[in-house]
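Take a look at the structure below.
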Amino acid sequence: MRVIGLAGWSGAGKTTLIVRLIPELARRGFSVSTLKHAHHAFDIDKPGKDSYEHRAAGASEVLIVSASRLALMRELRGAPEPSLADLLRMFDAVDLVLIEGFRNEAHPKIEIFRSETGKELRYPTDPHVVALVSDLADPPAHLPHAHIDDVVGAADLVLAHAAPVETVIEQLQASS
């Protein structure tokens, strides 16, 4: 299993690119999973659903299963958020895990940059940025680059720079 992050400021197009990358990588024969960091409280459950009622009653974990999918909801209830290393250990084996967010973590990442955000590029201060996907007309020559609308080029960068999960976990643990 190999891992690469796609990181950038809000509005840069991370989710849009990932949604376009997944079918391109699948077309090339790779199985893909994703890990998305949410910066705010979120809930995938709804009041009135049995699973919601189980959690509201105090269940630590609720596992919902059907013939099509399963979802595990685990309440942290004041426990610290799991580390990125711990989260990566939860995945079943696939060819690639694409990480969205976790931009301040010490893992290899491709910076996604769109000029219209008005933000600064992160790569000059983030030694873990290994490539850039952007709308820049004159991208930095020393950093591998694909245009933000070039899904094939972005997929090439993903495949060239994704690192083995064991290496990424070691890197994360060394930085903490």
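Let me spell it out: the conditions are (1) closer than 16 Å to I18 by Cα; (2) in a helix (DSSP H, G or I), and I99 meets all of them except one. Which number is the exception?
The number of the failed condition is (2).
For region 123-138: of the residues being within 17 Å of the chain's Cα centre (by Cα) and part of a strand (DSSP E or B), which is surrounded by the most Cβ atoms within 10 Å (Cβ to Cβ)?
This residue is V133.
Which residues, taken from region 1-24, are more than 15 Å from the chain's Cα centre (by Cα) and either buried (at least 16 other Cβ atoms within 10 Å of the Cβ) or farther than 25 Å from D135 by Cα (or both)?
Hit for region 1-24 is E24, nothing else.
Quick grid of which residues meet (1) free of Cβ contacts under 8 Å to residues at least 12 places away in the same chain; (2) at negative phi; (3) touching a strand residue (DSSP E or B) at 6+ places or on another chain (Cβ under 7 Å):
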{"position": "I99", "(1), (2), (3)": "no, yes, yes"}
{"position": "R103", "(1), (2), (3)": "no, yes, yes"}
{"position": "A106", "(1), (2), (3)": "no, yes, no"}
{"position": "F113", "(1), (2), (3)": "no, yes, yes"}
{"position": "T117", "(1), (2), (3)": "no, yes, no"}
{"position": "E120", "(1), (2), (3)": "yes, yes, no"}
{"position": "Y123", "(1), (2), (3)": "no, yes, yes"}
{"position": "P127", "(1), (2), (3)": "yes, yes, no"}
{"position": "V133", "(1), (2), (3)": "no, yes, yes"}
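Give the residues of region 36-86 that are assigned to a helix (DSSP H, G or I) and without any contact (Cβ under 8 Å) to a residue 60 or more places away in the chain, sorted by residue number. I'd like the intermediate steps shown before the answer.
First, pick out the residues of region 36-86 that are assigned to a helix (DSSP H, G or I): 50-56, 84-86.
Across region 36-86, the qualifying residues are D50, S51, Y52, E53, H54, R55, A56, D86.
Would you be able to tell me the number of residues in region 103-122 that are open to solvent by less than 50 Å² (accessible area, probe 1.4 Å), outside any loop (DSSP other than H, G, I, E, B) and of a type outside the set (S, T, N, Q)?
Total meeting the criteria: 5.
The values are calculated or read from the model by the stated rules, or taken from the named source; none is laboratory data. Quick caveat, the model's predicted, so the values are computed rather than measured. Note: ideal-geometry Cβ built from the backbone for every residue, glycine included; neighbour counts use all protein chains shown. For accessibility, only protein heavy atoms count, side chains too; no ligands or nucleic acids. Shrake-Rupley method; radii C 1.70, N 1.55, O 1.52, S 1.80 Å.
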